Structures are given as C-alpha cells and as structure tokens.
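The values are calculated or read from the model by the stated rules, or taken from the named source; none is laboratory data. The model shown is predicted, which means the values in this text are computed figures rather than measured ones. All Cβ positions, glycine included, derive from the backbone under ideal geometry; neighbour counts span all protein chains shown. The area values use the complete protein model at the heavy-atom level, side chains included, leaving out ligands, DNA and RNA. Shrake-Rupley method; radii C 1.70, N 1.55, O 1.52, S 1.80 Å.
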Amino acid sequence: VQLVESGGGLVQAGGSLRLSCAASGRTFSIYAMSWFRRAPGKEREFVASISGSGISTYYTDSVKGRFTISRDNAKNTVYLQMNSLKPEDTAVYYCATGVSPVAVATTPMSFWGQGTQVTVSS
C-alpha cells in the first residue's frame, strides 16, 4: 500500500488548506483512512478518520467544527479540509490506514504516507 499526501503549505491564521492523500495497492473503499499530525517537539496525534464507506467520521476535539475529512472512493483519495487554521495547527500531517473498515484514534495503523508540512503563521 502506498500513500502520497499533497496540499500542505504556508497559510495565515484564519485561512484554509485542503490536504489530499492518494492511495494505491489495495481495494481502497474497504478500509478506513486517517489523518495524524506531528507538531514540532510533540508526539504524533490523531486528527480525524473516516470509515471505508465514508459514513462514519471521527475527529479529535481540537479540530471539531474546523476540519472535515472526506473521501472519494472512485479516485482512491482521502481529503482533509482545514478551515479557520490556527498557529497551533502547524505540523507535519500524515495520511494513514490500517486493516479495518472503521478507525478511531486508537486504531493501529499499518501504512503511512511521507507527510506534508502545514505551517500557520500568526
């Protein structure tokens, strides 16, 4: 399984970015997809996940109401729409997936992308 993220960059506080993660190597629509992030000097943390069907989504509290995870199973791609960005959202964002159709924050991940940098200036 290969995961390739794109869409990161530099944005001012209050701005928006949309991250994309293109997946290949297995049947995309079966498995949940997740986004994690690692801020400078901090441990990697769960951001959001979406079930294989796209029906169920989960978010960490700090991004609820600002970030939206979605997927296009026809394009084998998962997205993270990030609005109202804050400086504390600055991190490397990683796409990840495991072996389950549903994932929450504690679900083990088997495959990871290389990450994309998001920097939010104040």
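Restricting the search to region 30-60, which residues are among the small types (G, A, S), open to solvent by less than 70 Å² (accessible area, probe 1.4 Å) and free of Cβ contacts under 8 Å to residues at least 60 places away in the same chain?
Hits for region 30-60 are A39, A48, S49, S51, G52, G54, S56.
Return the only residue of P108, P87 being out of contact with any Phe, Trp or Tyr (no Cβ under 9 Å at 6 or more places or on another chain) and closer than 20 Å to G25 by Cα.
P108
Hey, can you tell me all the residues within region 16-29 that are farther than 18 Å from V102 by Cα and open to solvent by less than 20 Å² (accessible area, probe 1.4 Å)?
Passing the criteria: only L19.
Has region 69-80 got any residue that is touching a Pro at 6+ places or on another chain (Cβ under 9 Å) and either touching a residue at least 40 places away in the same chain (Cβ under 8 Å) or part of a loop (DSSP other than H, G, I, E, B) (or both)?
No, region 69-80 contains no residue that is touching a Pro at 6+ places or on another chain (Cβ under 9 Å) and either touching a residue at least 40 places away in the same chain (Cβ under 8 Å) or part of a loop (DSSP other than H, G, I, E, B) (or both).
Taking the options V63, V78, V11, name whichever one is at negative phi, surrounded by 14 or more Cβ atoms within 10 Å (Cβ to Cβ) and over 12 Å from the mean Cα position of the chain (by Cα).
Of V63, V78, V11, the one residue that is at negative phi, surrounded by 14 or more Cβ atoms within 10 Å (Cβ to Cβ) and over 12 Å from the mean Cα position of the chain (by Cα) is V11.
With the checklist (1) modelled with pLDDT of 95 or more; (2) open to solvent by 50 Å² or more (accessible area, probe 1.4 Å) in hand, flag the one item T106 doesn't pass.
Only one criterion is unmet by T106, namely (1).
Those residues that are surrounded by 15 or more Cβ atoms within 10 Å (Cβ to Cβ) and over 13 Å from W35 (Cβ atoms), I need them from region 87-97; list them, please.
Correct list: T90 only.
Can you tell which of P108, P101 is in contact with a helix residue (DSSP H, G or I) (Cβ under 8 Å, 6 or more places away or on another chain) and not aliphatic (A, V, I, L, M)?
Selected residue: P101, the only one of P108, P101 that is in contact with a helix residue (DSSP H, G or I) (Cβ under 8 Å, 6 or more places away or on another chain) and not aliphatic (A, V, I, L, M).
Working only within region 81-122, note down all residues that are closer than 17 Å to S49 by Cβ and among the hydroxyl-bearing types (S, T, Y).
Scanning region 81-122 gives Y93, Y94, T97, S100, T106, T107, S110.
What about V63, is it of a type in the set (A, V, I, L, M) and within 27 Å of G14 (Cα to Cα)?
Yes, satisfied.
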